[in-house]
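K.L.:
Shown below is the structure under consideration.
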Amino acid sequence: MGYWLLIALLAPTLWAVTNHIDKYLLNQQLDQRGIGALLTASALIGLPCMLAIVLLRPGVLHISLFHSLMMVANGVLYIVGLLPYLYALQRDETSIIVPLFQTTAIFSYLLGLIFLDEQLSIRQLAAVLLLVGGAVIISLERKWQLVQFKADVFWLMLLAALLNALNWFVFKYVAIQDDFWATSFWEYAGFLLTALFILLAVPPYRRDFVVAMRHGGRQMIGLSALNELIGIGAKTATNIASLLAPLALVSSINGLQPLFTFIYGIVLTYYLPRYGSERLSRGIVMQKTTALVLIIAGTTLLSV
């Protein structure tokens, strides 16, 4: 097992935690306020991250203007990519939404192939197809005796996956030419710039954030901060792994994220239903299990 794989595996275990926290925070809202509040909180995390990096690595400011602007734009792209994900998460269960993120592997493969000259073997391509197949299966919904395709959720997550793949691609493109921490610093600057834009120019989301902070209490603020720190840990692991292996392989490792999400969902449903629950009827469990088998099989192929 390669060193890159160990780092990459850290990301899905952490992302799965943030997915359930996101869902919990959204469920605490009586209307649409949750999305604006979560998006703003996610963007604001850029400020402490920037301060921490510049204190530990002062040299991060010495990067070309072009690359710094690219990474600022990439930070904005990352926050924008959260929008379709949050709207999809508001519409369906966490264990349904997360597997659809595996379509990121397709976009990552195409970007890596076209711009970075990354080549995958037949085995690796088969692994990517297994992961994507699992994601499609889990996007189907049974109603009575019919099987319906959740088009709205699927397309929202497809857009989120595309933006996610673009974010990883731009990060790798710049980081392989400059210092990792310098690249991260300017990406977080993009986070902060997006937060300022939301607070100054997007009144509905600004109101969402202010109301949530006023009425959510210490628990809401503390949980949001914890969630963002966990997410930063997962993103950092993904960014480091993307420098050690092809983008499609790194994004495909996130195929294990639905497994962790499903396991966490079962634990919450049976032991902590106040914080989250999943539908666990026989048919739904079989559907999710089939999808997870394909996803895990694809991930296993990558590690052989």
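K.L.:
Taking the convex hull of the alpha carbon atoms in the chain, what volume per residue do you get, in Å³?
P.N.:
In the chain, the Cα convex hull volume per residue is 136 Å³.
K.L.:
Quickly rank 159-166, 34-41 as a protection proxy: mean count of other C-beta atoms within 10 Å, highest first.
P.N.:
By packing density, highest mean first, the sequence is 34-41, 159-166.
K.L.:
Return the long-range amide H neighbours of GLU278 (sequence gap of 5 or more, or a different chain), with a cut-off of under 5 Å between placed amide H atoms.
P.N.:
THR269
K.L.:
May I pose another question? Between LEU280 and ALA225, how many nm apart are label points set 7 Å from Cα along the C-beta direction?
P.N.:
Calculated label separation equals 3.3 nm.
K.L.:
Step through the residues of segment 36-41 one at a time and calculate ³J(HN,Hα) from phi using the Karplus curve (6.51 cos²θ - 1.76 cosθ + 1.60, θ = phi - 60°), rounding each to whole Hz and writing x for Gly and Pro.
P.N.:
Result, ordered by residue: x, 5, 5, 5, 5, 4 Hz.
K.L.:
Which lysines, on any chain, are close to LYS150 with Cα under 20 Å apart, when same-chain ones fewer than 8 places away are left out?
P.N.:
Cross-link targets: LYS23, LYS288.
K.L.:
Once fully extended, how much extra length lies between SER121 and ILE263, figured as 0.36 nm per residue of separation less the alpha-carbon to alpha-carbon distance?
P.N.:
The span from SER121 to ILE263 would gain 48.0 nm if fully extended.
K.L.:
Continuing with this model, one more query. Quote to one decimal, in nm, the extra length available between ALA151 and LEU61 on full extension: 0.36 nm per residue of separation minus the C-alpha distance between them.
P.N.:
28.0 nm
A short reminder: the numbers here are calculations on the coordinates, not readings from a lab. Since the model is a prediction, treat every value here as computed from it, not as a measurement. Ideal geometry is used to build each Cβ from the backbone, glycine not excepted, and the neighbour counts take in all protein chains shown.
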